[in-house]
Structure formats: C-alpha cells, structure tokens
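First up is the structure itself, then whatever we jot down about it.
The values are calculated or read from the model by the stated rules, or taken from the named source; none is laboratory data. The structure presented is a predicted model; accordingly, all values stated were derived computationally and were not measured. Cβ placement follows ideal geometry from the backbone for every residue including glycine, while neighbour counts extend to all protein chains displayed.
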Amino acid sequence: MADARTWPLQVDVGGAAPWVATALVLLVLAGAATPAVAQAQRVTFFRDRLRYKPFTWLFADPDSSRQVYVHDQTIAVVELGPKQILLNCELIEVPTPKISAAVLKNLSSINKPIPVSLKEIRQLMHNCKDLEPPEGAINKSIGDSPNPQKIDPWSILTGIVPGTKWCGNGDIASTYFDLGFFTEVDKCCRVHDICPVKVRGFETRYNIKNVAFYTKSHCDCDTTFYQCLKATQHPAANLMGRFYFNLLRTQCIEDIQSSTSEEPKRIFRPPKHIY
C-alpha cells in the first residue's frame, strides 16, 4: 500500500540496428505527412486518441468524501478520508471541450468541479500515481510476463510495448486502473498520457499547430515522464525513454510570458532531455 498523502496541497534496449531501422520508418512517415496521408496515418497507424475512458464509479471507501478537480484536458476524481488523507484517485482524459463538459456534468452528483492550476493538478497526479486501486478495479493482464530483455523496439510503432498497456502507440487499457505486467513502467506512461496540456498529432490547440503524427505534451509533463522512467530502472522503461526522448526528439509545449496578455503564450520548443 502506498504511503497516505493529503490533499489539497500547499502549492508555491535494443542494439543500434533496430533503432536505425525505426528511425528510417519515422522519417518516411514524417515526409509523407500531406493532409490526405496525415488523415490516413491518424486512422490506421495511430489509434484514435479522441476516445476517452469513462469514469468507473469505483470507490475505496463508501464513507469517504469526494472532490472533483479539473485543469484543461484532465479531470481528477479523488476520495478523501479523515484528516484529508488521499484514499483513491481516478484521472480522466478529456480531449475536447465538448467531452469535458459532458464528463463534468456526469460527475456533478459527486461534487461541484474545482478548477486548479497546472502545477496543482500535476502534483495531485503524482500523489495519485502509486495508490492502490479500489476493490473491483479491472485489470485484464493475462498470460506469461514477457522477457524485458527481448522487447522489440518495433513494438512501439506497431502497437504497445509488451508487458504494458499505456506505453507506445496509444493505449489498450480498459480503465484508468488497468495496468500491464510492468506496472511501474506503465504508471509512468499513464501519467504522461493524461497530461493536462497537450496537442495531438495534426491538430491545432493553444494557437499552435502540431504537424507531427504524434502528441506533443507540456514540458513539465515530459520532465516528469523522463524522471519516472529513469527511476524504474527497467528495460521496458529504457526502451520507451530512448524512443521518445532520443529517437523522436519530441518537442514539448512551453509557457512564455506574453507582453499583450495576462495569459502565457504557448510554443513548441526542443526537448529538454536526452535519455
């Protein structure tokens, strides 16, 4: 069981050859990103990231108090015990304002949503990461655990890293609580997938256009992802980290102070980390 935490918070693998082959595939895909091809890639190459996982309505304690927090593309439903001890969390990715409004309306029976800052929601996500799931949470991991030393780098392009459900091309998890055999690695990918600030492939958001076929997330989310993967010291995490930070060299979203508005301007900047 993870250490109890309180809320609210005070806020102030593989050899060279497979990688070369993978890089060539990525270059071909990037060069082929005409509007028509881009749409085809979106449908056939990468899973549709606009789907979201509905709230499970599973709780750790029937007598707990519950709060709903929201920031941009992430909604957090949390359970609090005596002395504001954090008992359980369920994070919901809401990729569009329309979906966000519908989900918040559905959750209105729990509590009135409380808007929080990016820093606050990220701290909450960090505290939630290692909590035990409530009784009855679905986990469909079956079969034998894959050998982490024999994971093929191609698996990221063709689907999900073996032993995980959140690492790679989209995800195959049925709910927020659904994790693969490599649980600690999967938790890193899950938190990164649910980053509150991101722009999906071939989409425009925050007045910036993502011309790549993959999602670009806030730099703070990428930093958390990097640190989380490193901390696991697991071959599957190393595969994911090298692919994302070294091979893709994924740009991240940075906030810069605007001279004409109180709201920060957002831009894509080069990645801050090499794995």
ask   = Just one of Ile274, Ile194, Ile172 is more than 22 Å from Ile92 (Cα to Cα) and either of a type in the set (Val, Ile, Thr) or surrounded by 17 or more Cβ atoms within 10 Å (Cβ to Cβ) (or both); which is it?
value = Ile274
query = Restricted to the stretch 255-275, and to residues that are part of a loop (DSSP other than H, G, I, E, B) and at pLDDT 85 or above, which residue is farthest from the chain's Cα centre (by Cα)?
reply = Gln257
key: Asn88 vs. criteria over 14 Å from the mean Cα position of the chain (by Cα), at pLDDT 95 or above, in a strand (DSSP E or B) and among the polar types (S, T, N, Q)   = yes
